[in-house]
Amino acid sequence: MMSNYFEPLNIGQDRMVTINQLSDIISDIAGIKISRKHIPGPQGVRGRNSDNTKLKQILNWEPQVSLEEGLEKTYRWIEKQIESTIK
């Protein structure tokens, strides 16, 4: 945000993660056990990662926070927001 570049850039982990892996990470953070039921239907995106090539070229920077750490911080923030509305 503190650069002279004004176009959108991807910022994220470049590690490929499947949707199942993502749900496992989040359930671990939440401290819950989940079960999955795969049903027949169209196949969507099987995994996701960020291509940070342009980010590195333009800003000479890359993310230092792991996916797990970032998701945990986000989860805890959302959790606090929900708790504050309940009280």
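Return yes or no: is residue 67 surrounded by 13 or more Cβ atoms within 10 Å (Cβ to Cβ) and either touching a residue at least 60 places away in the same chain (Cβ under 8 Å) or out of contact with any strand residue (DSSP E or B) (no Cβ under 7 Å at 6 or more places or on another chain) (or both)?
In short, no.
Return the residue satisfying two criteria in turn: it lies in the stretch 26-59 and is in contact with an Asp or Glu (Cβ under 6 Å, 6 or more places away or on another chain) and part of a helix (DSSP H, G or I), and of such residues it is farthest from residue 9 (Cα to Cα).
Checking each candidate, the answer is 29.
Just name the residue that is surrounded by the most Cβ atoms within 10 Å (Cβ to Cβ) out of those in the stretch 1-20 that are under 11 Å from the mean Cα position of the chain (by Cα) and not in a loop (DSSP other than H, G, I, E, B).
Of everything passing the filter in the stretch 1-20, 17 is surrounded by the most Cβ atoms within 10 Å (Cβ to Cβ).
Give the residues of the stretch 21-61 that are among the polar types (S, T, N, Q) and in contact (Cβ under 8 Å) with a residue 40 or more places away in the chain, sorted by residue number.
Scanning the stretch 21-61 gives 50, 52.
Could you list all residues from the stretch 47-64 that are touching a Ser or Thr at 6+ places or on another chain (Cβ under 9 Å) and either under 23 Å from residue 24 (Cβ atoms) or loosely packed, with under 11 Cβ neighbours inside 10 Å (or both)?
47, 48, 63 - these are the residues of the stretch 47-64 that are touching a Ser or Thr at 6+ places or on another chain (Cβ under 9 Å) and either under 23 Å from residue 24 (Cβ atoms) or loosely packed, with under 11 Cβ neighbours inside 10 Å (or both).
Would a scan of the stretch 70-87 turn up a residue that is surrounded by 11 or more Cβ atoms within 10 Å (Cβ to Cβ), in a loop (DSSP other than H, G, I, E, B) and not basic (Lys, Arg)?
no
Residues that are at pLDDT below 90, surrounded by 12 or more Cβ atoms within 10 Å (Cβ to Cβ) and within 20 Å of the chain's Cα centre (by Cα): does the stretch 31-45 have at least one?
no
Would you confirm whether or not the stretch 2-14 contains a residue that is free of Cβ contacts under 8 Å to residues at least 24 places away in the same chain, touching a helix residue (DSSP H, G or I) at 6+ places or on another chain (Cβ under 9 Å) and not aromatic (Phe, Trp, Tyr)?
Yes, the stretch 2-14 contains a residue that is free of Cβ contacts under 8 Å to residues at least 24 places away in the same chain, touching a helix residue (DSSP H, G or I) at 6+ places or on another chain (Cβ under 9 Å) and not aromatic (Phe, Trp, Tyr).
Could you tell me whether residue 62 is part of a helix (DSSP H, G or I) and among the charged types (D, E, K, R)?
So residue 62 does not fit the description; no.
Could you tell me whether residue 53 is among the β-branched types (Val, Ile, Thr), modelled with pLDDT under 90 and at negative phi?
no
The values are calculated or read from the model by the stated rules, or taken from the named source; none is laboratory data. The structure displayed is predicted, hence computed values, not measured ones. No Cβ is skipped: glycine too gets one built from the backbone with ideal geometry, and neighbour counts run over all protein chains shown.
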